[in-house]
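Engineer: Structure provided below as structure tokens; questions to follow.
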Amino acid sequence: MDDRTMMDNLLTVTKNACDLMMHGSIESPTPDVHIAFSKTLNDSLSLQSQIYAHMAEKGWYSVPQVEQQKVQQLRQQFK
């Protein structure tokens with residue numbers, strides 16, 4: 001497995017973990033459980049950001065810039 005595939009897999013797993021932690025936080029039955037899920041969510045989001053930054057630095061993950069005109073068109077369309 002090459003580095004790019006491994007990093008992509010790590011990013012996907014981390015995103016899934018964030019999703020689980022978010023739902024755990026939302027649906028937590030007690031304050032202690034809520035705090036535990038919320039802290040873990042923040043840690044997971046930080047890790048996700050680090051992985052994304054590393055991938056972006058390598059040129060493996062980029063987000064294309066959208067033209068402002070297209071953004072305005074969508075805003076008008078959904079008003």
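Engineer: Yes or no: residue 53 aliphatic (A, V, I, L, M) and in contact (Cβ under 8 Å) with a residue 12 or more places away in the chain?
Structural biologist: Against the criterion (aliphatic (A, V, I, L, M) and in contact (Cβ under 8 Å) with a residue 12 or more places away in the chain), residue 53 does not qualify.
Engineer: Name the one entry in 55, 22 that is open to solvent by less than 50 Å² (accessible area, probe 1.4 Å) and of a type in the set (A, V, I, L, M).
Structural biologist: 55
Engineer: Here's another thing I want to ask about it. Which one of the conditions (1) within 20 Å of the chain's Cα centre (by Cα); (2) open to solvent by 100 Å² or more (accessible area, probe 1.4 Å); (3) farther than 30 Å from residue 2 by Cβ does residue 77 fail to meet, given that it meets all the rest?
Structural biologist: That leaves (1) as the condition not met.
Engineer: Evaluate the following for residue 61: is it open to solvent by 80 Å² or more (accessible area, probe 1.4 Å), touching a residue at least 24 places away in the same chain (Cβ under 8 Å) and not charged (D, E, K, R)?
Structural biologist: no
Engineer: In this structure, is residue 30 β-branched (Val, Ile, Thr), closer than 21 Å to residue 2 by Cβ and loosely packed, with under 13 Cβ neighbours inside 10 Å?
Structural biologist: no
The values are calculated or read from the model by the stated rules, or taken from the named source; none is laboratory data. Small disclaimer: the values here were computed from a predicted structure and weren't measured. Here Cβ is always computed from backbone atoms with ideal geometry, including for glycine, and neighbour counts include all displayed protein chains. Ligands, DNA and RNA are excluded from the accessible area calculation, which covers all protein heavy atoms including side chains. Shrake-Rupley method; radii C 1.70, N 1.55, O 1.52, S 1.80 Å.
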